[in-house]
Amino acid sequence: MKTYRVMAVVLIILILAEFVMMAIALFKGNYTQFSIDGGVLIAMILAGFLLKRAVKHREEQEEAEKEAEAPDKEE
């Protein structure tokens, strides 16, 4: 789970940096770069949703493993 947290923090930093780059491109009037940065930002946000699903899947998998081990310990 620590790996997922590190990935999430890095992704948040990248999203914030991309947002800043979009703002700079907009202020400079470079609309082509602004559009490209917008697409990259959307891709990073989608990557965040995929990461969230991966974490949820991993948690469900660990929970199922714990439930499978619990009856064995009671016997």
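Before we move on, is Leu46 touching a Gly at 6+ places or on another chain (Cβ under 9 Å) and within 30 Å of Glu62 (Cβ to Cβ)? The answer is no for Leu46. Only one entry of Glu63, Glu67 meets the criterion of being farther than 25 Å from Met7 by Cα, out of contact with any Pro (no Cβ under 8 Å at 6 or more places or on another chain) and acidic (Asp, Glu), and that entry is Glu67. Would you confirm whether any residue within the range 35-56 is open to solvent by 60 Å² or more (accessible area, probe 1.4 Å) and over 19 Å from the mean Cα position of the chain (by Cα)? Yes - at least one qualifying residue is present in the range 35-56.
The values are calculated or read from the model by the stated rules, or taken from the named source; none is laboratory data. All figures in this text were calculated on a predicted structure; none of them were measured in a lab. Positions of Cβ are generated from backbone atoms using ideal geometry, with glycine treated the same way; all protein chains shown enter the neighbour counts. For accessibility, only protein heavy atoms count, side chains too; no ligands or nucleic acids. Shrake-Rupley method; radii C 1.70, N 1.55, O 1.52, S 1.80 Å.
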